[in-house]
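Asks: One structure, pasted below without further comment.
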Amino acid sequence: MLRNLLPKEYVFFDFFEGHSSLSIKLLEEMLRILKSPANLHEGVKEIKKIESDLDQIQVSCVEALHKTFITPIERTEIYKLIKKMDDIANSMNSALSRMNLYEIDVIRPEAIEMVGIVLNCVKEIDSAVRLLRDMKKFEEIKKHCDKIREFESEGDRLFRSAIKNLFHEQDAVLIIKWKEIFDRIEKGTDRCQDVANIIEEVIIDNA
């Protein structure tokens, strides 16, 4: 009872919103790079810079968590949410870094489509976290979570198709390279679904 009467620190919503907004920028930049891969090396540097800024938001969020007595939602939920949000960017940076490492000069169309799906997921995440300040918008938040799952299912289908097409190639080394890249992009869609699940936990616990 006393906990409900004490003032809460709402800065955590700022961290969520700042992170999701910057994640959209990262995905949009990654799509731009994949569609014009001539400057892939320079593009990797830009993505790493954005990812570093995202990491700093996560670090600041966790630091604030350690210093805050009363939080607007459960402390474990705050930690899980910001961590899984950051995992999305880490997966995408990992995929692009491997394209650069493996000196990929022709981008497979499935990769562009898969990154586009992750971008769609992140846009839904951004919309959902901006509604968390008002838990009464339960149904509206849930619709965004459901949409993320739809995109994740679409991503799974595309991933399976991409792998099937990949094994029609004759170059074994190229197959290995792209299999690893596709795996990392697919992990990005999985992390998006993880975020949707956590957001639903939050609104159910605070309904």
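Asks: Using only Cα atoms, tell me the angle between helix 75-101 and the longest principal axis of the chain; keep it within 0 to 90° and round to the nearest 10.
Replies: 10
Asks: Can you check what the Kirkwood hydrodynamic radius comes to for region 35-140, Cα pairs only, in Å to one decimal?
Replies: 16.0
Asks: Going through the cross-link list K143/K177; K123/K177; K49/K136; K25/K187, which pairs have a Cα-Cα distance over 26 Å in this structure?
Replies: Beyond 26 Å: K143/K177; K123/K177; K49/K136.
Asks: Let me make sure I get this right: for region 154-204, a, b and c are the square roots of the gyration tensor eigenvalues over alpha carbons, sorted descending. Under 1.5 in a/c it's rounded, otherwise prolate if a/b > b/c, else oblate. Which is it? It would help to have the intermediate numbers written out before the result.
Replies: On the way: a/c = 7.91, a/b = 3.08, b/c = 2.56.
Since a/c reaches 1.5 and a/b is larger than b/c, the shape of region 154-204 is classed as prolate.
Asks: How large are Rg and Dmax for region 96-195 when only the alpha carbon atoms are used, in Å?
Replies: My reading of the Cα-based Rg and Dmax gives 16.1, 55 Å.
Asks: Could you give the dipole magnitude of the chain about its Cα centre, charging the beta-carbon of Lys and Arg +1 and that of Asp and Glu -1, in debye to the nearest 20?
Replies: In total the dipole reaches around 220 debye.
Asks: Let me ask something else about it. With axes computed from alpha carbons, what is the tilt in degrees of helix 40-67 against the longest principal axis of the chain, rounded to the nearest 10 within 0 to 90?
Replies: On a 0 to 90 degree scale, this one is about 20.
Asks: If a cysteine in the chain has no other Cys Cβ under 4.7 Å from its own Cβ, put it on the list, ordered by number.
Replies: C61, C145
Asks: Running Debye on region 7-205 with equal point scatterers at the Cα sites and no solvent, what base-10 log of I(q)/I(0) appears at q = 0.12, 0.14, 0.17, 0.19 Å⁻¹?
Replies: For the requested q values the scattering log ratios are -0.60, -0.78, -1.05, -1.24.
Asks: Across the Cα atoms of region 83-135, what radius of gyration and what greatest pairwise Cα-Cα distance (Dmax) are found, in Å?
Replies: Taking only Cα atoms of region 83-135, I get Rg and Dmax of 14.3, 47 Å.
Asks: Now, a different point. In sequence order, what are the phi-derived ³J(HN,Hα) couplings for region 122-139 according to the Karplus relation 6.51 cos²θ - 1.76 cosθ + 1.60 with θ = phi - 60°, rounded to whole Hz, with x for glycine and proline?
Replies: With coefficients 6.51, -1.76 and 1.60, one gets 5, 5, 5, 4, 4, 5, 5, 5, 6, 9, 5, 5, 10, 5, 5, 8, 3, 5 Hz.
Every read-out reported here was derived from the displayed coordinates using simple, explicitly stated rules and does not represent laboratory data. Quantities reported herein were computed from a predicted structural model and do not represent experimental measurements. Neighbour counts are summed over all protein chains in view; Cβ atoms, including those assigned to glycine, are modelled from backbone coordinates with ideal geometry.
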